[in-house]
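Notes follow the structure.
Each value in this text was obtained by applying a stated rule to the coordinates, not by laboratory testing. Worth saying up front: this structure is predicted, and the values here are computed from it rather than measured. We place every Cβ from the backbone using ideal geometry, glycine too, and count neighbours over all the protein chains shown.
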Amino acid sequence: MRPYEVMVIFDASTEPPLIQAVVDRALETVRANGGNPGAVERWGRRQFAYEVNHKREGYYLLIEFTGEPQTVAELGRFLSLADEVMRHKIIRLPDKVAGTRRASAPAKSGSSRPAASKPTATAPVEPAPEPAAS
């Protein structure tokens, strides 16, 4: 079996019980086709970079699972037919990343965004000389 992850975007106005129902059906689709569901990360409401279906924001959800290509096909079919889902993308994780992803994930603080890295000390940069006027 191969590791996959699927990003699902719901309309931001979708009620949480309806989102949970779609997630439960997606996980059941994975199980019914011989896959093993993994972690479900709720990223919450996020603003889009551009309008999608005349909407400015959506509710993001990331689901990890392992399965065969048939599992991926059925899950993709289910998500494309679900009216609550605006967009989805299924990605096969490289074998090197799949096992280490959970172990190397940073501890969650209050924010769902990754922590900014601390700047490192560097040598001062001298300004570039101004071009000579002609």
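Counting other beta carbons within 10 Å of each residue's own, what order do TYR4, TYR60, TYR50 fall into, fewest first? If you can, show how the numbers build up before the last one.
Working: TYR4 23, TYR60 18, TYR50 5.
Least crowded to most crowded, the residues run TYR50, TYR60, TYR4.
Would you mind working out the magnitude of the charge dipole of region 2-103 relative to its Cα centre, with +1 at each Lys and Arg C-beta and -1 at each Asp and Glu C-beta, to the nearest 20 Debye?
Values: 15 positive and 14 negative charges, 76 e Å.
So the dipole magnitude of region 2-103 works out to roughly 360 debye.
Taking only the Cα atoms of region 2-103, how large is their convex hull per residue, in Å³?
Residue-normalised Cα hull volume stands at 100 Å³.
Roughly how far apart, in whole Å, are the Cα centres of region 1-33 and region 46-98?
When both Cα centres are located, 8 Å separates them.
Please order MET1, MET86, MET7 by the number of other Cβ within 10 Å, starting at the fewest. Provide the component values of the computation, followed by the final result.
Numbers: MET1 11, MET86 18, MET7 15.
Ascending Cβ contact count within 10 Å gives the list MET1, MET7, MET86.
Could you put PHE48, PHE65, PHE78 in order, starting from the residue whose Cβ has the fewest other Cβ atoms within 10 Å? Let's see the in-between values first.
Values: PHE48 15, PHE65 25, PHE78 18.
Starting with the residue having the fewest Cβ neighbours, the order is PHE48, PHE78, PHE65.
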